[in-house]
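Below is one structure, written out as structure tokens, with a few remarks after it.
Please treat every number below as a calculation from the coordinates, not as lab data. Being a predicted model, the structure only gives us computed values, none of them experimental. FYI the Cβ positions are ideal-geometry reconstructions off the backbone, even for glycines, and counts take in every protein chain you see.
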Amino acid sequence: MAETRFTIDAIARMHAAGEKFAMVTAYDVTSAQIVARSGVPLLLVGDSLGMVVQGHDSTLPVTLDDMIYHTRMVMRGASRPLVVTDLPFGSYTIEDDAVRAATRAMAEGGCQSVKLEGGATVAPTIRRLVDAGIPVMGHVGFTPQSVHAIGLRTQGRRADQARRVLQDALAVQAAGAWAVVLELVPAPLAAAITQRLDIPTIGIGAGPDCSGQVQVWHDLLGLYADFVPRHALRLRDFADDAVAALDEYADAVRTGTFPTPAHSSTMAADELERALDGEA
């Protein structure tokens, strides 16, 4: 019997009941399969893949084709979670482009929702997408696609900045978004925004009072040995474990303890003899 996939309506019911929920990024079938075995209901195919998968120093080089490619892989493994895909930098500057990009992400990638960065300025685009039947998750506060304009820093510490973040969140909700990510927003401000919105808020570096939280797969599992963002929850040190396993493998090959007969297949001696008979 096929597993039931989480839906936007299911997330809304969880939110209405006061139940907090988790979202995590995934970029390939293996990570998606592992998440599908857990209790995490939401998967984000994030344009953060530009940094954690492609090795760039920002999300800006990621293309729509990249996002569709990774979404397809995630969908092959994500049997239960609701999958949200980021629309990448430059793909929704013009409303018509946004509709085309979001349509491709859903039709070709297979996701159940798209995510856009920005508040009041992108609200008309969100409305256009929602009116076209495309579910939209918003994203305000620190918006990585605008890193060169706003800098890599917490957004909303001063009253005027905080008011702008609140207004952005309200604009995203009014435009029809079903949820909004609050990134690098002071915890008290995130709590106040969450109280004022009807839709769920999903925090990253925004304190404990958001409706849900999102974390990057590589941060959670400690796949980077030398960098831990302040807002990251590091639950494992898989990078260290992987290095230890690789060293153990290399030693086993070097010393001849791998492979063993248990790792090998055999053939009848007479068959080998016949195969080698008449060898030049």
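Remarks
- Take every Cα pair under 8 Å whose residues are at least 6 apart in sequence, average their separation, divide by the length of segment 74-204, and the relative contact order is 21 percent.
- Of the residues Ala149, Tyr27, Gly46, the one whose Cα sits farthest towards the positive end of the charge dipole of the chain is Ala149 (charges of +1 on Lys and Arg Cβ, -1 on Asp and Glu Cβ, taken about the Cα centre).
- Distance between the 7 Å Cα→Cβ label points at Ile34 and Ala17: 2.8 nm.
- Relative contact order of the chain, pairs being alpha-carbon contacts under 8 Å that are 6 or more residues apart, as %: 14 percent
- Of the peptides 196-204, 174-182, the order by per-residue mean of other Cβ atoms within 10 Å, starting with the highest, comes out as 174-182, 196-204.
- The chain: DSSP helices with Cα axial extent of at least 24 Å and average Kyte-Doolittle hydropathy no lower than -1.0: 238-255
- Taking the DSSP beta bridges with both ends in the chain, the antiparallel portion is around 5 percent.
- Rounded to the nearest 20 debye, dipole of segment 192-280 from Cβ charges on Lys, Arg, Asp, Glu: 780 debye
- Close amide H contacts of Ile134 (hydrogens built in the peptide plane, cut-off under 5 Å, sequence separation of 5 or more or a different chain): none are found.
- Spherically averaged projected area of the chain from its Cα convex hull (nm²): 21.4 nm²
- Average Cα contact separation per residue, segment 68-143, under 8 Å, 6 or more apart, as relative contact order %: 32 percent
- Simple Cβ-charge dipole of segment 1-101, Lys/Arg +1 and Asp/Glu -1, about Cα centre, in debye nearest 20: 560 debye
- Gap separating the Cα centres of segment 180-252 and segment 112-132, nearest whole Å: 25 Å
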